[in-house]
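The values are calculated or read from the model by the stated rules, or taken from the named source; none is laboratory data. Quick caveat: nothing in here was measured; it's all calculated off a predicted structure. For neighbour counting, all protein chains shown are included, and Cβ atoms are generated from backbone atoms with ideal geometry for every residue, glycine included.
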Amino acid sequence: MKQHISSSQFRMLVIYSTCSTSVLSMPLILGTLVGRDAWWIPLVGTVLGFPFIFIFLTMSRWYPTTDFFGISNKIVGKKFGKVCGLLFTLLPLLTISTKLHYSTDFITTHLLKTTPPIVVVAICMSVVAMGSYLGIEALGRTAEMSAFFFFLPLFILILFKIPDMDIEKVLPFFRGDENNYIDAILFYIAITACNSVLLLALYPYAVADKKKAEHAFLQGFLIACSIIFLITLLCETALGPELMTTSYFPSFTLAQRISFGNFAERVEALLTVIWFITIYFKITLYLFISTRGIAQTFGIKNERPLTLPIAMLFVFIPLQAFDNTTDDYEFYVGPAKWLSLLIGGILPIVLFLIGSFQRRRQKQQLLPKQTHRSDTSRRV
């Protein structure tokens, strides 16, 4: 079945994929690492993360009709290409546990307090499996239609908290340890820029207009990073560094404190809407990429039958991987960060350097012009 998405749909998928759990967890983690300096880490991390996005876009210009699996095969050959494809597939498989556990913990803590975690995960994964099975075209259309329900609550949340901002809560600057600053910046780059390599499972082959899609990738990444920056800044200036780091869901605590003249109450529901939208598309993309990666690695022509078995695997992974939230946090800021930096950062850089050497030897342009050509002949 031939499927493709528009550039605007791809932009929303980039935004959702980059935000996801970071809307809830990023203020806590950055605040724990660097305290009152957490607000500027997204700014520096976004700038330092752009070279990775440039590498992804450049490789997609080299081979505009394929995906990461095809790109790696053409650069390093089929044997080493399969190894690269397998490593690429391992990234969502090995890091999905922390996102599902964090999401389940949020739901069972604030929404469905008496519901067993396995029931929550099973219900969520049933919807995720349906979205992945229907394909990228249905997912892209859903992402585009949900944009209003994402940006409107976000705008209201930011608007209501601006009067509570106190800049004195972030003073003085640069009083932390240098190693903590490095850890915070590396973590931010890993979660945002390096994890964006997974979008090469869709881009460029599944997007109709390649040139507009390239702009959509950049715009989506910048918008998502701006949202993370604003949420982190609001948490720090409205809640303060101490309260921000003592709450496991600081953004939710931030929304709970909104009261507009005894008229607008329970605004934390807005944040729940934002989070549900972003995490759904994040996990669905992870499932789609996992099934596609396994199919590509082992030469399976139709990856759809793999959706249900892998979705069932995703149900039990978060329940068995961590005993408590502390284990989840330590894995997220430790092994998950280094996996993202290795597979989403170092691996693309190595492929980029090898490909650049090959193109220079063959006297081809290192940065060929992007075209508007649409190619939907590949199977999705």
How many residues does region 308-344 hold that are farther than 16 Å from L94 by Cβ and among the polar types (S, T, N, Q)? 3
Since A224 meets every condition but one in (1) more than 27 Å from T253 (Cβ to Cβ); (2) assigned to a helix (DSSP H, G or I), which condition does it not meet? (1)
Among the residues listed as G70, G35, G81, the single one being surrounded by fewer than 23 Cβ atoms within 10 Å (Cβ to Cβ), without any contact (Cβ under 8 Å) to a residue 24 or more places away in the chain and not hydrophobic (A, V, I, L, M, F, W, C): G81
Please enumerate the residues belonging to region 143-156 that are assigned to a helix (DSSP H, G or I) and touching a residue at least 12 places away in the same chain (Cβ under 8 Å). A143, E144, A147, F149, F150, P153, L154, I156
For region 59-87, give me each residue that is under 10 Å from P204 (Cβ atoms), part of a helix (DSSP H, G or I) and of a type in the set (V, I, T). I71
In this structure, is S103 crowded, with 21+ Cβ neighbours inside 10 Å, under 19 Å from A269 (Cβ atoms) and in contact with a helix residue (DSSP H, G or I) (Cβ under 8 Å, 6 or more places away or on another chain)? yes
Residues that are charged (D, E, K, R) and more than 20 Å from the chain's Cα centre (by Cα), drawn from region 285-307: K301, E303, R304
Right, K282: out of contact with any Ser or Thr (no Cβ under 9 Å at 6 or more places or on another chain), among the charged types (D, E, K, R) and touching a residue at least 60 places away in the same chain (Cβ under 8 Å) or not? no
Scanning region 235-245 for residues that are surrounded by fewer than 24 Cβ atoms within 10 Å (Cβ to Cβ) and part of a helix (DSSP H, G or I) gives T237, A238, P241, E242, L243, T245
Scanning region 284-302 for residues that are of a type in the set (F, W, Y) and assigned to a helix (DSSP H, G or I), the one farthest from T66 (Cα to Cα) turns out to be Y286
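Results for (1) more than 22 Å from the chain's Cα centre (by Cα); (2) of a type outside the set (F, W, Y); (3) farther than 17 Å from V76 by Cα, shown as yes or no for each residue.
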position	(1), (2), (3)
P309	yes, yes, yes
Y329	no, no, yes
A336	no, yes, yes
P348	no, yes, no
F357	yes, no, no
R361	yes, yes, no
Out of S126, S132, sole residue that is assigned to a helix (DSSP H, G or I), in contact with a Leu (Cβ under 7 Å, 6 or more places away or on another chain) and among the polar types (S, T, N, Q): S132
Take region 112-145 and flag every residue that is at pLDDT below 90 and over 15 Å from T284 (Cα atoms). L112, K113, T114, T115, P116, P117, I118, V119, V120
Odd one out for I231, checked against (1) closer than 30 Å to T89 by Cα; (2) of a type outside the set (K, R); (3) at pLDDT 90 or above: (1)
Quick one: which of I182, I189 is assigned to a helix (DSSP H, G or I), of a type in the set (V, I, T), at pLDDT 90 or above and surrounded by 23 or more Cβ atoms within 10 Å (Cβ to Cβ)? I189
Quick check on F160: is it over 20 Å from S8 (Cα atoms), out of contact with any Gly (no Cβ under 9 Å at 6 or more places or on another chain), at pLDDT below 95 and in a loop (DSSP other than H, G, I, E, B)? no
Going by what's in this entry, would L24 be described as at negative phi, in a helix (DSSP H, G or I), touching a helix residue (DSSP H, G or I) at 6+ places or on another chain (Cβ under 8 Å) and at pLDDT 90 or above? no
By residue number, the members of region 177-201 that are within 13 Å of the chain's Cα centre (by Cα) and polar (S, T, N, Q) are T192, N195, S196
What's the number of the condition G45 fails, among (1) under 30 Å from Q256 (Cβ atoms); (2) surrounded by fewer than 18 Cβ atoms within 10 Å (Cβ to Cβ); (3) at pLDDT 90 or above; (4) of a type outside the set (S, T, N, Q)? (2)
Would you call F54 in a helix (DSSP H, G or I) and either under 22 Å from the mean Cα position of the chain (by Cα) or surrounded by fewer than 17 Cβ atoms within 10 Å (Cβ to Cβ) (or both)? yes
